[in-house]
1. Quick check: is even one residue across the stretch B:146-156 more than 10 Å from every other protein chain (Cβ to nearest Cβ), in contact with a strand residue (DSSP E or B) (Cβ under 8 Å, 6 or more places away or on another chain) and of a type in the set (A, V, I, L, M, F, W, C)?
2. What is the number of the single condition among (1) at pLDDT below 90; (2) surrounded by 21 or more Cβ atoms within 10 Å (Cβ to Cβ); (3) more than 14 Å from chain A (Cβ to nearest Cβ) that residue B:138 does not meet?
3. Only one residue in A:112, A:14 is of a type outside the set (Phe, Trp, Tyr), crowded, with 18+ Cβ neighbours inside 10 Å and closer than 28 Å to residue B:57 by Cβ. Which one?
4. Would you say residue A:176 is in a loop (DSSP other than H, G, I, E, B) and at the interface with another protein chain (Cβ under 9 Å from one of its Cβ atoms)?
5. Of all residues in the stretch A:153-170, which are in a loop (DSSP other than H, G, I, E, B) and of a type in the set (Gly, Ala, Ser)?
6. Condition first: out of contact with any helix residue (DSSP H, G or I) (no Cβ under 8 Å at 6 or more places or on another chain) and without any contact (Cβ under 8 Å) to a residue 24 or more places away in the chain. Now tell me which residues in the stretch A:100-140 satisfy that.
7. Any idea which residue in the stretch A:128-152 is farthest from the other protein chains (Cβ to nearest Cβ), counting only those that are part of a helix (DSSP H, G or I) and farther than 25 Å from residue A:114 by Cβ?
8. Report the residue count in the stretch B:182-207 for those that are in contact with a Gly (Cβ under 8 Å, 6 or more places away or on another chain) and under 19 Å from residue A:99 (Cα atoms).
Amino acid sequence: MREEMDSGKSKKMVFVTVGTTCFDALVKAVDSPQVRHELWSKGYTHLVIQMGRGSHFPSKFSGEDGSLAVDYFTFSPSIADYLKSASLIISHAGSGSIFETLRLGKPLIVVVNEDLMDNHQRELAEELADKKHLFCASPQTLHQIINGMNLDSLVPYPPGDSVPVAKLINSFFSFPDN
Amino acid sequence: MEEYLEAGFPKLVALLVAIIISLIAIRLTYVLLRCGKPFVVPPERVSTMIVLGSGGHTAEMLSIVNVLNKERFSPRFYVAAATDNMSLQKAQVLEQSLLHQGKGNAEAAQFMQIYRSREVGQSYITSIGTSLIAIAHAIWFILKIRPQVIICNGPGTCIPLCVAAFMFKVVGLRWSSIFYIESIARVRKLSLSGLLLYKLHLTDQFVVQWPQLQSKYPQSQYVGRIM
């Protein structure tokens, strides 16, 4: 059953997450009229921002006037429910967030935090973007990526398996496999 | 007589030092050669130290522990940094669910915290002091637990522990087999922890999760991605 909005659009939620980090640049980018407009044009009706330890508080919008409804919170013990009900996820480049989202088969835009030292997170985001499992953006290019994205071009991520590593350790001790 | 001793004493000391260094070198060579060699006779079970780290590290580590044979890798000791509150909780949840499934055994898992060498953003001067404390704490842990297996995947907390364990190997106090699984987030370059352990040959098995890394570091193993 699809929830109908006044505008005749069914509910489609975009969930933004920064995990346990502080990523004001992303929160600000999502909070901008540009990005909100792009999301609305693409058919999204709700934007929920998990802002973590950031100091920039986004503006809330009720969406009653036929625009994107925006809400935010800082932390939640588990964001799994938000991920499951979202139609699009925009996430910081932490591997935990990335793989939790990919396992659910949800479209994902990963935004790399350029302020982090060494920034090894970029490697993972770029590798997965190369393989078309997700889109990669910076806070500055986010609205362009949303504008140009084609969700059908995404390739499902084949889930990993920790059993081969366990078997490797097992065989080191000549333990029989379970 | 005394003159002769005085003349000979420094030479005697030098000789002793040379002998000790040679013995250590021989022992070190033996340890490095034996490292990485599988056990022909399986031990009944092996005490296992599992090093947890913030964020993705713990998630990856627990996904490995989840599929390990719990009777063979027992008892289990989980170690996290003193400032990390979430990781041990997650490990406790896993161990409790094992008990509920009836897969637990009499020896309960233990959970402990270790001092960090350096907090994010800490000045490098004070880091020297805290690193020394961390190393001392690590030596204490290894001395107390003497794990037969150490599994880690990259957080800074694992370096003092792996170095301490390796020292114990050389000294002959306990042979700890060290398994390092580089985080899935490392695609083209190793983490600092990984690089140190790889270059110093401190691990028995060094696992990477991307084929590019395996090509770059040929002594590593690639068995797919775990996430």
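1. Checking the stretch B:146-156: at least one residue is more than 10 Å from every other protein chain (Cβ to nearest Cβ), in contact with a strand residue (DSSP E or B) (Cβ under 8 Å, 6 or more places away or on another chain) and of a type in the set (A, V, I, L, M, F, W, C).
2. So residue B:138 meets the others, but not (1).
3. The unique qualifying residue is A:112.
4. Spelling it out, residue A:176 is indeed in a loop (DSSP other than H, G, I, E, B) and at the interface with another protein chain (Cβ under 9 Å from one of its Cβ atoms).
5. Residues of the stretch A:153-170 in a loop (DSSP other than H, G, I, E, B): A:154-162.
Correct list: A:160, A:162.
6. Residues satisfying the conditions are A:116, A:117, A:118, A:119, A:120, A:123, A:126, A:127, A:129, A:130.
7. So, considering only residues that are part of a helix (DSSP H, G or I) and farther than 25 Å from residue A:114 by Cβ, the one farthest from the other protein chains (Cβ to nearest Cβ) is A:152.
8. The number of residues fulfilling the criteria is 5.
The values are calculated or read from the model by the stated rules, or taken from the named source; none is laboratory data. It should be emphasised that the depicted structure is a prediction, and the values quoted were computed from it without experimental measurement. Here the Cβ is made from the backbone with ideal geometry for all residues, glycine too, and neighbour counts use every protein chain on show.
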